[in-house]
Amino acid sequence: MPVTNLPVLDDARLQLDDGVATLTFCRHDVRNALTGTRLVDDIIATVDWVNACVDSEAKDGPRVLVITGEGSAFCAGGNIKDMAAQNDAFAGSPQELAQKYKQGIQRMPLAMQRLKVPAIAAINGPAIGAGFDLCNMCDLRIAASSAKFGETFVNLGLIPGDGGAWYLQRLISPQRAAELTFSGRVFGAAEALEYGILLQVSEPESLLADAAALAKSLASKPSFALRMSKQLMRQAQTQPLDEFLETCGEIQGQCHHHPEHLVAVNRMLESFKK
């Protein structure tokens with residue numbers, strides 16, 4: 001079955017090449033901020049499209065998603081000028097604001113959590129606040145050496161309203177996550193690599209090529225096993241061991257009966273003959 005048409009996006013660009021979908025934020029005029037733009041809607045539309053392709057078993061569909069930014073920033077998170085003016089997403093009573101978060105930016109982590117293929121953040125510049133949290137919602141992260149990071153909400157008298165605290169302390173130690181959240185400090189790519197937030201640091205000019213190479217390597221793997229491996233990694237965070245092992249057995253049974261399994265086994269046997 002052919003891949004469905006690419007979704008129409010407002011503030012981002014989506015490309016598909018050899019099983020790798022690349023979502024590029026195109027609001028460099030506001031440093032790719034997530035509020036005051038349609039980027040959250042674009043992320044959700046992209047996730048829904050990827051999952052629809054997976055569900056339809058589209059042969060030429062996306063098997064990996066890369067997210068990056070155009071311009072000098074990856075994503076600046078919330079628009080501080082809108083916060084100061086207390087307009088749009090930042091206007092209303094506490095109850096109204098809670099609803100706006102639920103109906104707005106909180107849709108992003110829920111979408112990223114239901115994404116069925118591996119996601120790679122290719123972080124071309126500063127990833128601050130909710131932009132940093134978006135990186136941590138991806139499975140893998142590589143960054144330009146010039147990138148900056150920060151869980152900076154406390155500096156604005158706020159908390160990570162997009163669920164960032166849920167992700168950060170699962171990614172790194174709870175103590176380091178607490179320090180970054182309580183201090184709101186901005187730190188560089190080398191420090192992010194040291195903490196295990198980043199898989200790799202690249203030179204700015206080679207970042208996208210490095211991300212594409214990593215994505216294509218993953219996309220070359222048996223697609224069903226790749227997706228199920230991602231699902232298991234997520235479930236392992238919350239399931240007790242006995243339940244998790246039962247899940248593993250059920251999925252492994254499906255893998256043994258999937259056509260890709262025997263193709264992969266025979267390919268490996270042939271490689272032993274060389």
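FYI, it's all coordinate maths here, none of it is from the lab. These numbers come from a predicted model, not from an experiment. Note that we place each Cβ from the backbone using ideal geometry, even for glycine, and neighbour counts take in every protein chain shown.
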Practice item. Grab the DSSP H runs of the chain that are 4 residues or longer, score each as -39,500 (n - 2.57), total them, divide by all residues and round the 222 nm result to the nearest 500 deg cm²/dmol. Key: -14500 deg cm²/dmol
Practice item. On a C-alpha basis, how far is the centre of region 184-248 from the centre of region 4-20 in Å? Whole number, if you could? Key: 21
Point to revise | Gaussian network model of the chain, springs between alpha carbon atoms under 10 Å - residue of Pro62, Pro118, Pro174 with greatest fluctuation | key: Pro174
Review point. If you place +1 on the Cβ of every Lys and Arg and -1 on the Cβ of every Asp and Glu, how big does the dipole about the Cα centre of the chain come out, in debye to the nearest 20?
Key: 280
Study note, to complete from the structure: If each part is reduced to its alpha-carbon centroid, region 156-178 and region 64-101 end up apart, in Å, by 17
Review point. For the chain, what proportion of DSSP beta bridges, expressed in % and rounded to the nearest 5, is antiparallel?
Key: 30
Check your understanding: Looking at the chain, do any whole DSSP H helices span at least 20 angstrom along their long axis by alpha carbon and average -1.0 or above on Kyte-Doolittle, and which?
Key -> 39-55, 241-256, 259-272
Check your understanding: In a shell of Cβ-Cβ distance under 13 Å around Asn51, excluding Asn51 itself, what net charge do Lys and Arg (+1) and Asp and Glu (-1) give?
Key -> +2
Point to revise | Given [x] 0.99; [y] 1.33; [z] 1.05, the label whose value is Rg/Rh (Cα atoms, Kirkwood Rh) derived from this model | key: [x]
Review point. Any idea what the dipole of region 201-274 comes to, in debye rounded to 20, about its Cα centre with Lys/Arg Cβ at +1 and Asp/Glu Cβ at -1?
Key: 360
Review point. Ranked highest first by average number of other Cβ atoms within 10 Å, how do 138-145, 209-216 line up?
Key: 138-145, 209-216
